[in-house]
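To start, the structure under review is shown below, and the notes come after it.
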Amino acid sequence: MGKIYHEERKMKRKFSLPFVFFILLACCAAYSQFLPQELAQREDIEEFLLTADIIRAEDIGEGVTKPKRLYLKQGDVEMSGCWKYVKGKHLGNQEGWQYEIAAYRFDKLLGLGMIPPTVERDFDGKKGSLQLWVTTPHSLLTIMEENIPMPTTGPAALGISRAKYIVLAFDSLIGNADRTQQNLRYTEDWRTI
């Protein structure tokens, strides 16, 4: 009995954080949620978010950190983004706009393709994170509130299931303890953003 316990403890020590990180890196790249053409535009979108003129701002009206939606324009191109500037303890959780940028960079490093481009951007005299506004038909919250059926068979159901576990692993890696149903979004073809 003692030998078996000792062997189990040795085995658990082998699964260190670097090992888990490697497994996540190896497994997740194959399940990117953004399409290849969308991923190919990330650098251009990052540059746009950094340099485009802010033409107006409005409160989003949801979320405990009170984010704003910034509308941006450069030449003929218009986009919008979610701007956050909160930091410190907020409603019992450690919050920081810098975490949004770090999460995006980890997403890129791991090849997850789940988080929209996110950059540091000044607005209203404050530094904050600016994340591309992605329009999707549903959040997990609207799916639950409106009883919208999700696929239960086929490739879409498998993709939703895999993405659920990747999100859990990713949140564990980045220390995100307050994932909400509002910030899990689903595309028309059931990719998780």
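The values are calculated or read from the model by the stated rules, or taken from the named source; none is laboratory data. Everything quoted here is computed from the prediction, not taken from an experiment. FYI the Cβ positions are ideal-geometry reconstructions off the backbone, even for glycines, and counts take in every protein chain you see. Just so you know, the surface numbers come from the protein's heavy atoms only, side chains and all, with ligands and any DNA or RNA stripped out. Shrake-Rupley method; radii C 1.70, N 1.55, O 1.52, S 1.80 Å.
Values as computed for the structure displayed
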item	result
Residue 58 versus residue 180: modelled label distance in nm, points set 7 Å from Cα along the beta carbon direction	1.8
Table column - 3J(HN,Hα) (Hz), segment 120-132, Karplus curve with 6.51, -1.76, 1.60, x for Gly and Pro	7, 8, 7, 8, 6, x, 10, 7, x, 9, 10, 10, 3
Size of segment 72-193 as Cα extents on the principal axes (Å, biggest first)	49, 40, 31
FRET efficiency, 1/(1 + (r/R0)^6) with R0 30 Å, evaluated for residue 44 and residue 127 via beta carbons	0.85
Solvent-accessible area per residue for segment 38-193 (1.4 angstrom probe, square angstrom)	58
Net length gained if the chain between residue 102 and residue 78 were fully extended (0.36 nm per residue, minus Cα distance)	6.1 nm
Cα centre as origin, Lys/Arg/Asp/Glu Cβ charges: segment 76-193 dipole, Debye	440
Cα-projected label distance for residue 187 with residue 148, points at 7 Å along beta-carbon direction, nm	1.5
Cα pair distances of segment 81-145 binned at 5 Å [whole percent]	4, 17, 19, 20, 22, 15, 4, 0
Relative contact order (%) - criterion: Cα under 8 Å, at least six apart; region: segment 128-193	49
Positive-end residue of 104, 149, 129, charge dipole of segment 92-185 with Cβ unit charges	104
